[in-house]
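Chemist: Before we start, here is the structure in question, set down as structure tokens.
The values are calculated or read from the model by the stated rules, or taken from the named source; none is laboratory data. Keep in mind that what you see is a predicted model, and the values were worked out from it rather than measured. For neighbour counting, all protein chains shown are included, and Cβ atoms are generated from backbone atoms with ideal geometry for every residue, glycine included. The area values use the complete protein model at the heavy-atom level, side chains included, leaving out ligands, DNA and RNA. Shrake-Rupley method; radii C 1.70, N 1.55, O 1.52, S 1.80 Å.
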Amino acid sequence: MKIVEKSKLWFGISGLVILAGLVFALISGLNLGIDFTGGTILQIDLGKSFDTQEIREITDEFDKEASITYAGEEKNEVQIKTKLDLSQAESMEIFNKFKEKYGLGTEDLLSTQKVGPAIGEQLKRQAIISLAAAAAGMLLYITFRFEFKFGVAATAALLHDVLIVLAVFAILQIPINTSFIAAILTIVGYSINATIVIFDRIRENRGFMKKGTSLADLVNLSINQTMARSINTSLTTLFTIGMVYILGVSAIKEFALPLIVGIVAGTYSSVLIAGPLWVMWKEREKPRARRT
């Protein structure tokens with residue numbers, strides 16, 4: 001399969017998705033969760049198991065976008081996160097609805113916590129620093145193991161994965177929270193592994209290729225040799241994460257969904273983006289070297 005010769009197509013598909021995400025982000029903005037925007041967190045002990053749909057019947061009256069998660073060792077507690085800055089009286093009004101429905105006492109309102117926007121800004125800063133540090137560390141590692149151009153191509157592929165996930169979340173207006181940041185860092189680690197496997201095969205084949213063989217043919221051969229491995233690894237991971245998303249509670253789904261999108265984007269970039277980027281850079285060196 002000729003991968004490098006169709007690089008404009010691969011770059012174009014990614015560019016369209018990222019551009020669409022940018023347009024939606026400019027029009028509607030990213031749907032940042034309470035961890036970034038601030039809001040109120042209520043934790044209530046219901047004293048028995050419950051279904052989140054039961055909780056929604058109450059929370060939808062004041063915030064249809066409120067996040068509901070299980071808490072407590074026996075999952076008898078509910079944690080409600082809302083972007084609304086609720087006063088003490090408003091929080092008690094909501095609790096009274098639970099009190100009436102489940103026959104609770106005042107002591108069952110375990111906590112009412114407010115999250116300020118300052119904490120959200122700190123989280124954003126820490127997320128950016130974490131991603132930058134991870135990318136820099138991987139660039140140094142790949143430069144040491146292979147060469148600087150391999151490192152730059154791999155880092156560009158990682159940036160591609162992050163932008164694709166952000167674009168999908170912007171288009172679908174899916175809330176972004178701390179679980180999203182953890183998933184992004186996981187995606188970066190997963191994606192670079194597949195890219196390194198391909199680059200390692202390129203380096204191996206480079207020593208055996210006949211003189212005059214083009215870089216495009218070298219990369220095409222290496223990608224095709226590792227294609228089955230890349231696809232099989234990604235599919236088995238997707239099956240597992242997919243079941244976690246289908247069967248998991250909402251808190252787990254918040255982590256699993258960006259992982260699913262990121263694994264698809266990471267496989268795409270490892271196979272179709274990183275190698276062609278390296279070839280483009282190397283090909284541009286040839287005319288410059290001849291002029292020198």
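Chemist: Keeping all protein chains in the complex and leaving out DNA, RNA and ligands, what accessible area do you get for Y245 with a 1.4 Å probe, in Å² to the nearest 10?
Modeler: It works out to around 80 Å².
Chemist: Take the chain, connect every pair of alpha-carbon atoms lying under 10 Å apart with a spring to form a Gaussian network, then pick out the residue of G189, G21, G12 with the largest mean-square fluctuation.
Modeler: G12
Chemist: Something else now. Could you put D85, D60 in order of accessible surface area, largest first, with the 1.4 Å probe and the full protein assembly present? Could the numbers behind the result be given before it?
Modeler: Numbers: D85 115, D60 60 Å².
Putting D85, D60 in descending order of accessible area: D85, D60.
Chemist: A follow-up question, please. Going highest first, how would you order 213-219, 14-20, 128-134 by mean Cβ packing within 10 Å? Don't skip to the answer; put the middle values down first.
Modeler: On the way: 213-219: 18.1, 14-20: 15.0, 128-134: 13.0.
With the highest mean Cβ count within 10 Å placed first, the list reads 213-219, 14-20, 128-134.
Chemist: For the chain, what does the accessible surface come to per residue with a 1.4 Å probe? Please give it in Å². Don't skip to the answer; put the middle values down first.
Modeler: Working: 15470 Å² over 292 residues.
So the chain comes to 53 Å² accessible per residue, rounded to a whole number.
Chemist: Using +1 on the beta carbon of Lys and Arg, -1 on that of Asp and Glu, and nothing else charged, what's the dipole of the chain about the Cα centre, debye to 20? If you can, show how the numbers build up before the last one.
Modeler: Details: 30 positive and 28 negative charges, 535 e Å.
Dipole about the Cα centre, nearest 20: 2560 debye.
Chemist: Taking the Cα centre of the stretch 143-292 as origin, sum charge times position over the Cβ atoms of Lys and Arg (+1) and Asp and Glu (-1), and report the length of that vector in debye to the nearest 20.
Modeler: Values: 15 positive and 8 negative charges, 173 e Å.
Magnitude of the dipole: close to 840 debye.
Chemist: If you line up the long axis of helix 250-272 against the longest principal axis of the chain, both from Cα atoms, how many degrees apart are they, to the nearest 10?
Modeler: Helix 250-272 and the main axis of the chain meet at about 10 degrees.
Chemist: Straight distance only, please: which lysines reach the Cα of K97 with their own Cα at less than 26 Å, same-chain residues fewer than 8 apart left out?
Modeler: Correct list for K97: K48, K64, K75, K81, K83, K114.
Chemist: Grab the Cα-Cα distance for R229 and E54, subtract it from 0.36 nm times how many residues apart they are, and report the gain in nm with one decimal.
Modeler: Details: separation 175, 0.36 × 175 = 63.00 nm, distance 4.46 nm.
Contour length minus the Cα-Cα distance gives 58.5 nm.
Chemist: Please identify the longest segment of the chain free of exposed trypsin sites (Lys or Arg not before Pro), where exposed means a DSSP state other than H, G, I, E or B and no more than 12 other Cβ atoms within 10 Å.
Modeler: It works out to 65-209.
Chemist: In whole percent, what relative contact order does the stretch 192-292 give with Cα contacts below 8 Å and a gap of six or more residues? Don't skip to the end; give the middle numbers.
Modeler: Working: 55 pairs, mean separation 36.9, N = 101.
Here the relative contact order equals 37 percent.
Chemist: Return the carbon/sulfur percentage of the accessible area of the chain, one whole number, probe 1.4 Å, all protein chains in place. Mind dumping the intermediate values first?
Modeler: Working: 9610 of 15470 Å².
For the chain, the apolar C and S fraction of the accessible surface comes to 62 percent.
Chemist: If you take the beta carbon distance between F62 and N193 as r and set R0 to 41 Å, what does 1/(1 + (r/R0)^6) give as a FRET efficiency, to the nearest 0.05?
Modeler: On the way: r = 44 Å, r/R0 = 1.09.
Calculated transfer efficiency: 0.40.
Chemist: Pairs to check: K124/K253; K8/K253; K124/K149. Give those whose C-alpha atoms are more than 28 Å from each other in this structure. Intermediate values should be presented prior to the final figure.
Modeler: On the way: K124/K253 21 Å; K8/K253 34 Å; K124/K149 30 Å.
With Cα atoms farther than 28 Å apart: K8/K253; K124/K149.
Chemist: Pop a pseudo-label 7 angstrom from the Cα along the beta-carbon direction at both I252 and Q126 and give the gap in nm to one decimal.
Modeler: Label-label distance for I252 and Q126, simple model: 2.5 nm.
Chemist: Can you give me the Cα centroid spacing of the stretch 37-60 and the stretch 147-201 in angstrom?
Modeler: Distance between centres, Cα-based: 33 Å.
Chemist: In the stretch 33-71, which chymotrypsin sites (Phe, Trp or Tyr not before Pro) are in a loop and have at most 16 other Cβ atoms within 10 Å, using DSSP for the loop call?
Modeler: On the way: sites: F36, F50, F62, Y70; in loops: F50, F62.
Answer in residue order: F50, F62.
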